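Working notes for the structure below.
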Amino acid sequence: MGTVLDSVGKLIAAYLSKEVPGYEPFTPSDPEHLRGVIEPGDVLLVEGNNRISGIIKYLTQSTWSHAALYVGPIEGAEEPSGEPHVLIEANIGEGVTSAPLSKYFPYHTRLCRPVGLSYEDRHTVCRYAINRIGFGYDTKNIVDLMRYLFPLPIPQRWRRRMIAIGSGDPTKIICSALIAQAFDAVRYPILPKITKAGSRAARREILHIRDSSLYMPRDFDISPYFEVVKPTIVHGFDYTALHWADKQKPLEEVAGTFSVFPETLSAPPLVPEAIDEETPAEVPAEEVSAQPAQISAAFSAHFVQLSELAIYRARAREMAA
């Protein structure tokens with residue numbers, strides 16, 4: 001009977017882990033920038049595209065369906081190409097494994113960094129996760145897998161518990177639970193439950209660590225104790241250096257040698273400039289004497305034209321009569 005359950009569990013796990021065709025991330029990660037800023041202890045959130053990812057997104061009402069912990073190069077773990085494994089993650093059907101960073105380059109990702117974590121505690125968190133490599137997901141526990149096959153409408157208050165249901169075996173953990181346990185080893189908060197206790201003299205807040213099975217990938221994103229690091233802008237961002245495929249280059253009179261905007265712009269004065277009365281403009285005498293004659297000649301020509309027009313209209317009336 002155990003062999004049958006194990007076989008059924010493996011089939012269900014394979015079905016849930018199969019990727020859905022046609023996935024295209026809205027904003028894929030930038031490999032070069034991601035490699036340059038990620039540090040040990042950072043949590044990499046992933047928008048997965050397999051069948052179980054869609055269900056986790058629904059149950060958590062979040063973009064993120066998977067989480068992995070960056071621990072740096074792991075000794076003895078690398079790809080055939082020589083790329084070292086630097087991530088620790090837990091997958092259904094595989095258990096806790098290591099993976100290279102390039103595994104999630106094609107996906108939409110987010111980097112969450114614990115703030116103020118000391119070097120010693122950071123090392124402890126990474127070592128805790130590395131020591132869990134090999135912990136598996138028991139495919140005989142069909143209940144843990146069957147709950148993902150029925151994406152039925154579930155009340156909001158039950159969704160988190162639906163993912164947390166399990167056998168209770170500490171060697172069977174999901175991705176976010178593994179990372180939560182690693183941070184719990186150094187008492188670093190993620191989303192602690194806060195209970196306020198007070199008296200007349202003082203008030204204080206008591207932090208309670210939640211059960212690790214209740215943590216989801218999105219909790220690292222919304223945690224007030226994790227910083228969201230965006231690799232493309234962490235070292236500065238120049239929007240003018242972008243090349244737009246659907247835009248023509250700026251016209252020369254707009255850009256030219258002055259880049260997008262000219263360095264200096266001339267604006268009209270807010271008040272009229274004062275007239276320099278001490279140095280009036282000099283006009284030659286010949287032009288002054290010639291102006292009345294020019295005006296008189298222009299007026300005479302205009303008067304002749306009006307007279308001829310009046311005579312023409314009078315003759316036209318006579319002929320019509």
message: I'd like the full set of residues that are within 20 Å of PRO217 (Cβ to Cβ), outside any helix (DSSP H, G or I) and either open to solvent by 40 Å² or more (accessible area, probe 1.4 Å) or β-branched (Val, Ile, Thr) (or both), limited to segment 70-104.
response: VAL71, VAL86, ILE88, ILE92, GLY93, GLU94, VAL96, THR97
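Listed here are the residues, each with its yes/no results for (1) among the β-branched types (Val, Ile, Thr); (2) modelled with pLDDT under 85; (3) under 30 Å from the mean Cα position of the chain (by Cα).
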position	(1), (2), (3)
ALA77	no, no, no
ALA90	no, no, yes
GLY134	no, no, no
MET162	no, yes, yes
ASP169	no, yes, no
CYS175	no, yes, yes
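For TYR107, state whether it is of a type in the set (Phe, Trp, Tyr), within 25 Å of VAL229 (Cα to Cα) and open to solvent by less than 50 Å² (accessible area, probe 1.4 Å).
On the way: of a type in the set (Phe, Trp, Tyr): yes; within 25 Å of VAL229 (Cα to Cα): yes; open to solvent by less than 50 Å² (accessible area, probe 1.4 Å): yes.
Yes: the conditions hold for TYR107.
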message: On the basis of being open to solvent by less than 70 Å² (accessible area, probe 1.4 Å), in a loop (DSSP other than H, G, I, E, B) and at pLDDT 90 or above, does LEU117 make the cut?
response: yes
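The values are calculated or read from the model by the stated rules, or taken from the named source; none is laboratory data. None of the values given here were measured: they were computed from a predicted structure. Glycine also receives a Cβ, built like all others from the backbone with ideal geometry; neighbour counts cover every protein chain displayed. Each accessible area value is taken on the protein alone, full model and side chains, heavy atoms only, with ligands, DNA and RNA left out. Shrake-Rupley method; radii C 1.70, N 1.55, O 1.52, S 1.80 Å.
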